[in-house]
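The next block holds one structure in the form of structure tokens; read it before the comments.
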Amino acid sequence: MKEEIITSGRMNPYIDPHLNIWHWQIPLYLFLGGLAAGILFFAALYTIQGKQDKYRTAVKIAPFITPFILIIGLIALFWDLKHKLYFWQLYTTIRFESPMSWGAWTLMVVTPLSFIWCALNIKVIFPDWDWKFQWVKEVEAFFRRNILVISWILLIFSLILGVYTGILFSAFNARPLWNTSILGPLFLASGLSAGAAAIVLLSKDHFERVQMAKIDLIIIAVELFLIIHMFMGFLASTQVQIDAANLFLGGPYTTPFWLFVVMLGMVFPAILEILELRGYKMPHYIAPILVMFGSLMLRFIIAYAGQESRWLY
């Protein structure tokens, strides 16, 4: 019998390298964009429904943080760009098949509207505020007369912004973990949950906190359903997507995902909210902080795990 020894360099992990091209700036930007989308969605929704006074924090106070977090997110996105001086070229065309184009134009709409929304409610924070210039007062009066139109635009574009944060990943077919239509709805639900949690955290009104906690419970249930459905889809698909699912089912991302995202970010806050709704005295700030932490960790883990999933064997 003639024996042959075959030596292959493919056993070396550096032969098929793990190319990590999206770093912490991208998941941070996606989290802040989703959080802003969630807050602005509820502000617009309750304004359309005429519930501004019942949900005062959601409509008039919480939106004040959205311009700041949107700016921080845009700075993180700009930081990640390789050719920073050419970012303006995103606005020279509209490409409906490009998630980047959708995101750029959506932010172009949402960001100035968030400033306008704050300007219309600035007297809630600063009662003695005076715009001084007559033309500014006339502009404010114009926007106030058209608040329902602004609310509808903000409602639609906040939903687009929330979905876009997931579609930005799912459009990359070369990464099996990201190549699923579930990411768009999942990131939207996560952003709405984070937005509801931020309102609970900022509100001092018991009725408003209770109602937003109930909404958050429903959204958390939707998130858990989407996560289960996503993994069921992976396990019933091709081998590369099964391998992508295994990153979370016994692989290196098992503990971070199921502990930080599912347990601490969804299940435990849901238990705390249920206990509070049943009349138990619970610190109201723990659950919303955990929800936002879980929303942040979801983006980071999906971003890094997705870059490790691949089509190579």
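The values are calculated or read from the model by the stated rules, or taken from the named source; none is laboratory data. All figures in this text were calculated on a predicted structure; none of them were measured in a lab. Neighbour counts run over all protein chains shown; Cβ positions are idealised from the backbone, glycine included.
Where helices (runs of 4 or more DSSP H) sit wholly within segment 38-133, those with at least 3 residues that are touching a Gly at 6+ places or on another chain (Cβ under 9 Å) occupy 66-80, 99-120. For segment 218-244, the set of residues classified as surrounded by 17 or more Cβ atoms within 10 Å (Cβ to Cβ) and in contact (Cβ under 8 Å) with a residue 60 or more places away in the chain consists of ILE220, VAL240, GLN241, ASP243, ALA244, listed by residue number.
Conditions tested, residue by residue: (1) acidic (Asp, Glu); (2) closer than 17 Å to PHE187 by Cα; (3) in contact with a Gly (Cβ under 9 Å, 6 or more places away or on another chain).
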{"residue": "GLN239", "(1), (2), (3)": "no, no, no"}
{"residue": "ASP243", "(1), (2), (3)": "yes, no, yes"}
{"residue": "GLY251", "(1), (2), (3)": "no, no, no"}
{"residue": "THR255", "(1), (2), (3)": "no, no, no"}
{"residue": "PRO269", "(1), (2), (3)": "no, no, yes"}
{"residue": "ARG278", "(1), (2), (3)": "no, no, no"}
{"residue": "VAL291", "(1), (2), (3)": "no, yes, yes"}
{"residue": "LEU298", "(1), (2), (3)": "no, yes, yes"}
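Given the structure, is LYS123 among the basic types (Lys, Arg) and either exposed (fewer than 12 other Cβ atoms within 10 Å of the Cβ) or touching a strand residue (DSSP E or B) at 6+ places or on another chain (Cβ under 6 Å) (or both)? Criteria not met by LYS123. Would you mind stating whether ARG310 is within 21 Å of LEU188 (Cβ to Cβ) and basic (Lys, Arg)? Answer is no for this residue.
Counting only residues that are within 19 Å of PRO63 (Cβ to Cβ) and not in a helix (DSSP H, G or I), segment 134-171 holds 1 of them. In the set (1) farther than 30 Å from ILE147 by Cβ; (2) modelled with pLDDT of 90 or more, the condition left unmet by LEU35 is number (1). Among the residues of this structure, ALA194 counts as one that is within 27 Å of LEU217 (Cβ to Cβ) and touching a helix residue (DSSP H, G or I) at 6+ places or on another chain (Cβ under 7 Å). Evaluation of PRO67 against the conditions (1) over 28 Å from ASP205 (Cβ atoms); (2) in contact with a Ser or Thr (Cβ under 6 Å, 6 or more places away or on another chain) shows that the sole unmet condition is (1).
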